[in-house]
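Reviewing the structure listed below.
Since every read-out is calculated from the coordinates, none of them should be taken as a lab result. Just so it is clear, the structure is predicted and the values come from calculations on it, not from any experiment.
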Amino acid sequence: MLQAFSITDIGKRRKLNQDYVYVSTRPIGNLPNVFIVADGMGGHNAGDYASKYTVEVIEDEIVNSRSTEPVWILGGAIRKANSMIRKVASGNAHFFGMGTTVVAATVRDTVLEVANVGDSRLYVSNQSEIRQITRDHSLVEEMVRMGGIDRTAARSHPDRNIITRAVGALDTIEVDFFQVELAPGDIVLLCSDGLSTMLEDEEIYEIIRTPSALEQKGRELVDAANDNGGKDNIAVILIDPFSGREEK
């Protein structure tokens, strides 16, 4: 039986929480379960509106989709959210320029299907390693790929918060998709950059692999991010796809 835990935290520096999480371990439309992290951006309350509204649109689109393929369902829902965010922003100066990252996932049997826009992340960890499955759509990530800076420098780069792709940024949106075969013992993590910029992957891994309940792991991740500065809102979803089964 699949189990999940989600949590968001305002962090130590922000006055508003613009992160939004969505978890359904029950079927939604033609998907057996749905998990979403959205990290909003925009002045005043535009960022928190963007993340919440985007998730609401995605949920509604999933419910009404006739497709049975996760890539088509999630991709179509994110593209619809993009057009709706653009429409709202164009009609209200208060929301001009708002947008949000989105990382969404569903688990079908032993297969994890992932859709991503922006720099919120999805990881999969097992007994020996943690792997970042998604690829950040950020200026600093592009610099790393081009060999301009290394990973260590990227963590403290002044432009590390500039993203190159977001829901609501442009009229058309490109969504990345990933598929992962899961195995007993795997733990899935979705998170905003408020976690991943405050903790090294190794630190995240050490907390995830502690012999404790998902809720405790999630709260420890948030506490660790805040202990390291808490410079941004923090969003965490942890999934145990094989809960109750023996690890191999």
Under the rule of -39500 (n - 2.57) per DSSP H run of 4 or more residues, summed and divided by the residues of the chain, what mean residue ellipticity at 222 nm is obtained, to the nearest 500 deg cm²/dmol? -9500 deg cm²/dmol
With equal scatterers on the alpha carbons only and no solvent term, can you work out the Debye log10 of I(q)/I(0) for the stretch 1-145 at 0.09, 0.13, 0.20 1/Å? -0.29, -0.61, -1.31
Given the options 215, 56, 202, state which has the largest fluctuation in a GNM of the chain using a 10 Å cut-off (strictly under) for Cα springs. 202
Using only the alpha-carbon atoms, what does the stretch 11-73 span along each of its principal axes? Please give whole angstrom values in decreasing order. 41, 19, 15
Of all C-alpha pairs within the chain, those more than 29 angstrom apart amount in percent to 25 percent
Measure up 12/80; 12/217; 52/87 against 24 Å on the Cα-Cα distance and list the ones that go over. 12/80
Membrane-span-like helices (DSSP H runs, Cα span along own axis at least 15 Å, mean Kyte-Doolittle at least -0.5) in the chain -> 46-64, 70-91
For the stretch 205-247 and the stretch 1-61, what is the centre-to-centre distance using only Cα atoms, to the nearest Å? 17 Å
Using distinct alpha-carbon pairs, which all enter the 1/r mean, Kirkwood radius of the stretch 167-208 in Å: 13.4 Å
Check cross-link reach from residue 15 to the aspartates and glutamates: straight Cα distance under 13 Å, and skip same-chain residues fewer than eight apart. 48, 232
